[in-house]
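The values are calculated or read from the model by the stated rules, or taken from the named source; none is laboratory data. Note that this is a predicted model, so its numbers are computed, not measured. Methodologically, a virtual Cβ is constructed for each residue, glycine included, from the backbone with ideal geometry; neighbour enumeration extends over all protein chains shown. Note: areas computed on protein heavy atoms with side chains; ligands, DNA, RNA excluded. Shrake-Rupley method; radii C 1.70, N 1.55, O 1.52, S 1.80 Å.
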Amino acid sequence: MVPPPTTPDLRARANPATLPNMIDKLEMFIALANERHFGRAAEVCGVTQPSLSSAIRQLEDQLGVQLVFRGSRFQGLTPEGQRVLDWARRIVGDIRALRDEMRTVHAGLSGNLRIGVIPTALPMVAGLTAPFTARHPNMRVTILSRTSAEILAGIESLELDAGITYLDNEPLGRVSQARLYTEFYRFLCATTSPLAGRAQVSWAELAQEPLCLLTADMQNRRIVNQHLAEVGARIAPNVESNSTIALVAHVQSGLWSSVVPMKLAEMFTAKGLVAIPIVEPEAEHLVGLITAKRDPQTPVLSALMEEAVRLGNRLRR
């Protein structure tokens, strides 16, 4: 349990008569903290920049603290502003959860669900969204390709509702999670590669090949680097991308090879490429669904988590 803040205390200062207006101001404050620019935050909120600036000043007056360092442009949050941001995200998250639950009581699940997905999991995401939207036809789903760090930040800032990411490699913090599948790795190459006829290849061997890999901000790349380092190999690929499609396009040129998850590799073996298991070791990492840890959880995210559990059980059979 997080201890209550000493200052400012939003609950103490929020007059019930002004609560709806307070929620609107908190939404605008969250948008400003996310965008770090008054104009862009106003656009996100669908208001004019003067209206947003006025709302932030009114919020400061209501709470009795300065929230934002001001100059000719946004210069960041004050320490008090950062503390208010933590509370604002919790309060706005709870209000959204309440609205979702009441809407569900009357009309069933509806609305737009925003899911951030690591690029290597994109080939698998339809296994979750297809049955989910079939059960809940009034739901719309937006899939956004994001790094694992961006997914965690997006969930915390309320810009994402859920994420599909690695569960067992880097700290996730306070989230709810459901295992989906185990990711294995394949050496993806053209038929002209010297290794194309091999039944398997070691991490040490593939380090000698011209590789194109995901960029260093991707957790998959850090995983690849980790396994190469374990066999004493270090690489400096001359082609990097944050898109798996770009990697495959370079492999198809015949000039490069890559390391990709098994499911992604299987999508392209019918298109003239070769996918070879990587051993010594045969690495594996868990991928799953994460959401903000909240009690009670929103009906939409509860239903999504249940779907993820069903999918995970099917994939483990």
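Inspect the range 3-17 for any residue being at pLDDT 85 or above and farther than 26 Å from GLU150 by Cβ and give the result as yes or no.
In the first step, residues of the range 3-17 are kept if they are at pLDDT 85 or above; the result is none.
No.
Do the conditions hold for ARG179, that is, is it of a type in the set (Lys, Arg), over 23 Å from SER241 (Cα atoms) and part of a loop (DSSP other than H, G, I, E, B)?
Values: of a type in the set (Lys, Arg): yes; over 23 Å from SER241 (Cα atoms): yes; part of a loop (DSSP other than H, G, I, E, B): no.
For ARG179, the condition - of a type in the set (Lys, Arg), over 23 Å from SER241 (Cα atoms) and part of a loop (DSSP other than H, G, I, E, B) - is not met.
Name the residue that is farthest from LEU160 (Cα to Cα), counting only residues in the range 267-298 that are at pLDDT 90 or above and among the acidic types (Asp, Glu).
GLU280
List the pairs whose first member sits in the range 81-100 and is free of Cβ contacts under 8 Å to residues at least 60 places away in the same chain, whose second member is surrounded by 15 or more Cβ atoms within 10 Å (Cβ to Cβ) and among the aliphatic types (A, V, I, L, M), and whose Cβ atoms are under 8 Å apart, counting only residues at least 6 apart or on separate chains?
GLY81/ALA33; GLY81/VAL65; GLY81/LEU67; GLY81/VAL68; LEU85/ILE30; LEU85/ALA33; LEU85/LEU77
Look through the range 26-42, keep the residues that are in a helix (DSSP H, G or I) and not aliphatic (A, V, I, L, M), and return whichever of them is nearest to the chain's Cα centre (by Cα). Before the answer, list the steps.
So in the range 26-42, the residues in a helix (DSSP H, G or I) come out as 26-35, 38-42.
If we keep only those that are not aliphatic (A, V, I, L, M) as well, we get 27, 29, 34-35, 38-40.
Details: GLU27: 21, PHE29: 22, ASN34: 15, GLU35: 17, PHE38: 25, GLY39: 25, ARG40: 21 Å.
Ranking the candidates gives ASN34 first.
When the residues of the range 135-156 are filtered to those that are within 8 Å of the chain's Cα centre (by Cα) and surrounded by 19 or more Cβ atoms within 10 Å (Cβ to Cβ), which remaining residue is nearest to ASP295 (Cα to Cα)?
ILE155
Determine, yes or no, whether VAL260 is of a type outside the set (Asp, Glu), in contact with a Ser or Thr (Cβ under 7 Å, 6 or more places away or on another chain), open to solvent by less than 40 Å² (accessible area, probe 1.4 Å) and in a strand (DSSP E or B). Even if it seems obvious, please write down each step before you answer.
Working: of a type outside the set (Asp, Glu): yes; in contact with a Ser or Thr (Cβ under 7 Å, 6 or more places away or on another chain): yes; open to solvent by less than 40 Å² (accessible area, probe 1.4 Å): yes; in a strand (DSSP E or B): yes.
The answer is yes for VAL260.
Give the residues of the range 157-168 that are farther than 20 Å from GLY111 by Cβ and surrounded by fewer than 23 Cβ atoms within 10 Å (Cβ to Cβ), sorted by residue number. Even if it seems obvious, please write down each step before you answer.
The first filter runs over the range 157-168 and keeps only residues farther than 20 Å from GLY111 by Cβ, leaving 165-168.
Matches in the range 157-168: TYR166, LEU167, ASP168.
Among the residues in the range 128-136, are any in contact (Cβ under 8 Å) with a residue 12 or more places away in the chain and in contact with a Gly (Cβ under 6 Å, 6 or more places away or on another chain)? Steps first, please.
If we filter the range 128-136 for residues that are in contact (Cβ under 8 Å) with a residue 12 or more places away in the chain, which is where we start, we get 128-129, 131-132, 135-136.
If we keep only those that are in contact with a Gly (Cβ under 6 Å, 6 or more places away or on another chain) as well, we get none.
No, every residue in the range 128-136 fails to be in contact (Cβ under 8 Å) with a residue 12 or more places away in the chain and in contact with a Gly (Cβ under 6 Å, 6 or more places away or on another chain).
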